[in-house]
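Just so it is clear, none of the values below were taken in a lab; they were calculated from the coordinates. The structure presented is a predicted model; accordingly, all values stated were derived computationally and were not measured. When we count neighbours, we look across all protein chains shown, and the Cβ atoms used for this are built from the backbone with ideal geometry, even at glycine.
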């Protein structure tokens with residue numbers, strides 16, 4: 001990476017480094033009260049995999065002794081700083097206005113460029129479908145004269161699809177910014193080998209690319225099927241239960257699931273758990289469905305209620321149009337739940353077709369309905385897929401994955417030591 005050589009005198013990086021984590025989205029502030037989330041926050045920026053990923057990674061690294069400063073957008077919560085764990089501090093900035101959400105990066109400049117929290121050893125940027133994080137991260141790494149690590153949660157150059165003006169702009173402008181930044185980063189973390197190959201083809205040296213998937217928090221899933229707030233989600237719903245859990249967003253296409261459900265021959269119940277910009281679209285699809293009497297739209301539930309929701313389902317569906325990986329898939333595996341998902345992006349690296357779930361072509365409603373009929377109508381198949389999911393789940397436990405991220409930090413910091421010594 002192109003940056004000034006040298007570090008502030010008197011700072012040792014032989015111990016766990018101080019990480020400056022930059023992410024446009026992060027777990028929302030609830031004042032320490034599980035489930036206490038302003039409904040506006042779920043609609044402003046629906047809570048999903050990237051928020052859970054960044055928060056759980058921060059918690060696991062905090063438990064491993066890393067000092068962390070997290071800078072993110074504020075959702076519908078007040079701007080300011082709060083503590084997470086024993087030594088992590090989360091700064092929320094910007095305006096709770098969806099069309100102006102990228103302004104969080106401008107509001108973050110005093111925190112990102114200042115030294116109030118002490119010397120920074122590593123800047124770790126988490127890139128989704130936003131354009132502001134990577135330039136901010138490059139500026140921060142130059143200011144603090146430290147390595148830059150980038151995690152691609154969604155590659156706008158390789159994963160993002162769609163023909164809307166927004167999608168075309170993101171692919172053109174965002175893809176250019178992404179490629180330039182990744183080539184200059186000291187390490188690039190991707191969620192799947194598919195994205196790793198694409199990044200290497202873009203000119204990032206292979207030794208800088210690290211594949212660390214998203215995962216699930218074992219502590220959240222250990223005996224949590226009865227989490228308060230989970231039972232009321234499905235108490236009045238018959239079985240078998242097909243479920244969707246996640247953002248109601250164009251990328252995820254929950255409306256396709258609702259439409260496919262109306263084409264099924266087997267009788268089942270559908271539960272859609274989540275909120276987001278496509279909420280009205282999903283509501284219209286449900287109202288128009290011939291199976292509308294068997295469709296329940298539950299709305300947003302807090303992440304600590306998700307294990308209970310998953311434990312109460314018989315099948316999870318992820319009908320995404322595009323997807324880097326889909327962290328809800330690893331949570332479904334932890335719950336021993338078979339899945340039906342789109343054969344797109346990095347999903348096939350998680351869902352082994354016929355072993356842990358079934359894959360279908362994206363946006364193909366008849367194929368999705370046929371796969372759901374197959375799983376719902378065959379209890380033995382469901383049991384076999386569930387067993388396969390449980391067997392693979394251990395590979396995605398967050399403490400193990402966080403240790404791999406810490407190894408990336410140690411590697412780039414070791415390179416700085418070698419550079420200074422030279």
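The table below gives the values:
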item	result
Extension gain (nm, one decimal) between residue 184 and residue 403, 0.36 nm per residue minus Cα-Cα	76.4 nm
For the range 219-396: relative contact order, % (alpha-carbon pairs under 8 angstrom, 6 or more apart)	24 percent
Cα→Cβ-extended label distance, 7 Å offset, between residue 95 and residue 395, nm	4.6 nm
Ranked list, fewest to most other Cβ atoms within 10 Å of each Cβ, for 104, 398, 176	176, 398, 104
Length released on extending from residue 267 to residue 106, taking residue separation times 0.36 nm less the Cα-Cα span	52.8 nm
Rounded if a/c under 1.5, otherwise prolate or oblate - the range 219-396, Cα gyration tensor axes	rounded
Potential lengthening between residue 193 and residue 142 on full extension [0.36 nm per residue; Cα-Cα distance subtracted]	15.4 nm
